[in-house]
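Everything below concerns the one structure shown next.
The values are calculated or read from the model by the stated rules, or taken from the named source; none is laboratory data. A quick note: this is a predicted structure, and the numbers were derived from the prediction, not measured. Using ideal geometry, Cβ is built from the backbone for each residue, glycine included, and neighbour counts are taken over all protein chains shown. What goes into the accessible areas is simple: the full protein's heavy atoms, side chains included, and nothing from ligands, DNA or RNA. Shrake-Rupley method; radii C 1.70, N 1.55, O 1.52, S 1.80 Å.
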Amino acid sequence: MIDAAEPDATGASASVETGATPIDSATAAVPPARKRPKPGERRVQILQTLASMLEQPGAERITTAALAAKLDVSEAALYRHFASKAQMFEGLIEFIESSVFTLVNQITERETSGAAQAQRIVALILQFGEKNPGVWRPKGRGR
């Protein structure tokens, strides 16, 4: 969950005082305006939510309607970022590949021993699988 308080120079969260007068009860009943995500953030949110939906046991089919509902957006909002549902899955695969291969490249650059490289890469892949079970194992398979 994202904390709205900004950390100060020491790392502690600090709240901001505006000096404004208290809000009357009529104004307080109005929900705050929804903050629009920065460019690229919504795409990442879609991919993260799609990955989390893949983790759910027993979820037979992931629909764009269900994905949009989880994100509290319209299906049209999904299609502003991806041309099709297949492209959403392709985007998720590309994101995973990019993340894993970046880390593998870092390991091969830092480790000189081939055995050490192999050991760290296998550990990386296993850790990734534990943290991302929905994208690691075929759907419907248990441990």
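Looking across region 77-90, just one residue is among the basic types (Lys, Arg) and either within 15 Å of Gln45 (Cβ to Cβ) or loosely packed, with under 12 Cβ neighbours inside 10 Å (or both), and that is Arg80.
Counting only helices (runs of 4 or more DSSP H) that fall entirely inside region 66-136 and contain at least 2 residues that are free of Cβ contacts under 8 Å to residues at least 40 places away in the same chain and either under 21 Å from Lys38 (Cα atoms) or among the β-branched types (Val, Ile, Thr) (or both), the qualifying elements are 75-81, 85-110, 114-131. Would you point out which residue out of Ser74, Ser99 is open to solvent by less than 80 Å² (accessible area, probe 1.4 Å), of a type in the set (Ser, Thr, Tyr) and in contact with a Phe, Trp or Tyr (Cβ under 9 Å, 6 or more places away or on another chain)? Just one listed residue meets the conditions, Ser99. Can Val44 be described as surrounded by 10 or more Cβ atoms within 10 Å (Cβ to Cβ), in a helix (DSSP H, G or I) and at pLDDT below 95? Considered against the rule, which asks whether it is surrounded by 10 or more Cβ atoms within 10 Å (Cβ to Cβ), in a helix (DSSP H, G or I) and at pLDDT below 95, Val44 comes out as yes.
Restricting to region 102-143, name every residue that is modelled with pLDDT under 90, within 20 Å of Gln48 (Cβ to Cβ) and open to solvent by less than 80 Å² (accessible area, probe 1.4 Å). Correct list: Phe128, Gly129, Asn132, Pro133, Gly134, Val135, Arg137.
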